[in-house]
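Here the structure is laid out as structure tokens; the discussion comes afterwards.
The values are calculated or read from the model by the stated rules, or taken from the named source; none is laboratory data. From a predicted model like this one, the values you see are computed outputs, not experimental measurements. Cβ atoms come from the backbone with ideal geometry, glycine included; neighbour counts cover every protein chain shown.
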Amino acid sequence: MGRFFSQGMDSRKLWRYSNAMTDTLPPCTECASTFTYQVDALLNCPECGHEWEQGLPADEVAVVRDSVGNVLNDGDTVTVIKDLKVKGSSFTVKVGTKVRGIRLVDGDHDIDCKVPGVGQMGLKSIFVKKVSD
Ligand SMILES: [Zn+2]
């Protein structure tokens, strides 16, 4: 079993789950059941019979982080941390601009949002910081 452990523990993937490494087991990666139980290195789901290794979920969800490493979610409120020129216009999104209800998208500009006074546009997560609404 020792060999199995060392193969399964990929540090690149593991960091995503370091916060989840608590006494409570994560929910089933297939059906989200919370009745999971552990057998050796494998987690088992009694609801759908799925078996998986902790820290290596079947479907990895991409995590978008802001400039200081907070995990961003749809609907979050962020502030812009530097003046951003809006491509193809004379607008500048000023530092400190508060943007509510962001939506995470794939791509270079990974936040889709409506900026007050500017309108619908894409922002890069590295230029924003999450704030409590
Ligand atoms: Zn399940």
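I'd like the full set of residues that are part of a loop (DSSP other than H, G, I, E, B) and modelled with pLDDT under 85, limited to the stretch 2-39.
Within the stretch 2-39, MET9, ASP10, MET21, THR22, ASP23, THR24 meet the criteria.
Assess whether LYS87 counts as being under 21 Å from the mean Cα position of the chain (by Cα) and away from the ligand (no atom under 16 Å from the Cβ).
Taking the combined requirement at face value, the residue does not satisfy it.
Evaluate the stretch 55-74: report whether one residue or more is over 30 Å from PHE35 (Cβ atoms), within 17 Å of the chain's Cα centre (by Cα) and free of Cβ contacts under 8 Å to residues at least 40 places away in the same chain.
Checking the stretch 55-74: at least one residue is over 30 Å from PHE35 (Cβ atoms), within 17 Å of the chain's Cα centre (by Cα) and free of Cβ contacts under 8 Å to residues at least 40 places away in the same chain.
A quick yes/no check of all residues on (1) within 16 Å of the ligand (Cβ to nearest atom); (2) loosely packed, with under 12 Cβ neighbours inside 10 Å; (3) of a type in the set (Ser, Thr, Tyr):
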position	(1), (2), (3)
GLU47	yes, no, no
GLY69	no, yes, no
ASP76	no, no, no
LYS94	no, no, no
CYS113	no, no, no
GLY119	no, yes, no
LEU123	no, no, no
VAL128	no, no, no
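Scan the strands (runs of 3 or more DSSP E) fully inside the stretch 60-124 and keep the ones with 3 or more residues being of a type in the set (Val, Ile, Thr).
77-80
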